[in-house]
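What follows draws every value from the coordinates through simple rules; no lab data is involved. Treat the numbers as computed from the prediction; the structure is a model and nothing was measured. Ideal geometry is used to build each Cβ from the backbone, glycine not excepted, and the neighbour counts take in all protein chains shown.
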Amino acid sequence: MLDTFRKRPQYLAILLLFFCAYSFTFTPQALAANSQVRQKLTNPLLRYIRFKELRPFKNKIEQLIQQETAAGQCQDVAVYFRSLTNGIWMGINERKKFAPASLLKVPVMMAYFKDAEKNPNLLSTKVAFSFTFNPDAQYIKAAPNKNLKNEYTIDELIQIMIEKSDNEAALFLQRYEPMSQVVKKTFNQLGLPEITYAPGDTVGIRTYSGFFRMLYNASYLDIGMSEKALHYLSRSEYRGGIVAGVPKNITVAHKFGERRLKEGQTVQLHDAGIIYHPRNPYILGVMTKGDNLEELAGVIARISSLVYKEVDSQYQAGFELLDQ
């Protein structure tokens, strides 16, 4: 046992941390103060912590959507909210399917990062690649790529795909022969339809928002890869939608998606991610349909603003420690 601790001191650190937590939590005074109630089925942490629930505000979101629809700003809206502190969630049309478009770049990234956990050289692999700068490829455009070259690492292309929502990088990564079957397998594992480029509404906001919960809890990727993924998402250059509805000092790890087929046809704009409220981080996803992308961005921003203000006004503390 001692030899194990000498060779792997992190085990000793974990043991000491557990001992300190155990000693702090299960004091005789604490046990005595709560000994009158014998808990079998309720959360054992209730002996020491009182959780605070958010008061429902779904009706306020519904009223806002009705106002936006009546004003002609949108035709269809779906919303999903989930507190990452205590798991409370609410949805409006959360199972209704929309065209995911660029939202699918997140599971593509997850496929690569998952494979990189057992193949650490994957992300540093260099591949021949050049940008063509098709002006019609995207309607919401990021800043031009700098330091252009003819060879990139896989990791660089993933970063460009997420931060700039670059379609060319995404298409390359989806079709890159050594990884194409891995991407398909990952989509199947995550309950997503196989990637096709035909128009169609295939994903609901509740399903899609679950990817951000997986990343936040590191339940699909390991902690290192989950951190890396969320870091790239937090550097998204798109500052409309959800980001426009929260204070500028608040970190948002998010991904937007747009679908516009031809002039005069219905367009779609979606945005989903984690809003790192200092006392109650939460997931918010919004999918929209309408006539104008700018108007839809405004609808998403106003929903985001309403949600943030509700969380901020209610959630002065996610929980309180009980005096023992």
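A cut-off under 14 angstrom between Cβ atoms defines the neighbours of Leu171, and their net charge, with Lys, Arg +1 and Asp, Glu -1, is 0. Dimensions of the stretch 201-324 along the principal axes, based on C-alpha atoms and rounded to the nearest Å, stand at 65, 34, 24, largest first.
Note on Thr132 and Ile88: the model spin-label points, each 7 Å out from Cα along the C-beta direction, lie 5.0 nm apart. Normalised by the number of residues in the stretch 51-321, the average gap of Cα pairs under 8 Å and 6 or more apart makes the relative contact order 28 percent. Kirkwood analysis of the Cα pair distances in the stretch 168-217 returns a hydrodynamic radius of 12.3 Å. Checked against a 27 Å cut-off, the cross-linked pairs Lys60/Lys97; Lys228/Lys289; Lys114/Lys164; Lys184/Lys248; Lys58/Lys184 give Cα-Cα distances beyond that limit for Lys228/Lys289; Lys184/Lys248; Lys58/Lys184. Sorting Asp291, Asp271, Asp155, Asp166 from the fewest to the most surrounding beta carbons within 10 angstrom yields Asp291, Asp155, Asp166, Asp271.
If you take all other residues with their beta carbon under 13 Å from the beta carbon of Met225, and give Lys and Arg +1 and Asp and Glu -1, the sum is -2. Coupling constants for the stretch 110-115 follow from the phi torsions by the Karplus curve (6.51 cos²θ - 1.76 cosθ + 1.60, θ = phi - 60°), and in residue order they are 4, 4, 5, 5, 5, 5 Hz; glycine and proline get x.
Computed over the stretch 51-321, the Cα gyration tensor eigenvalues convert (square root of 5λ each) into semi-axes of 30, 23, 16 Å, ordered from largest to smallest.
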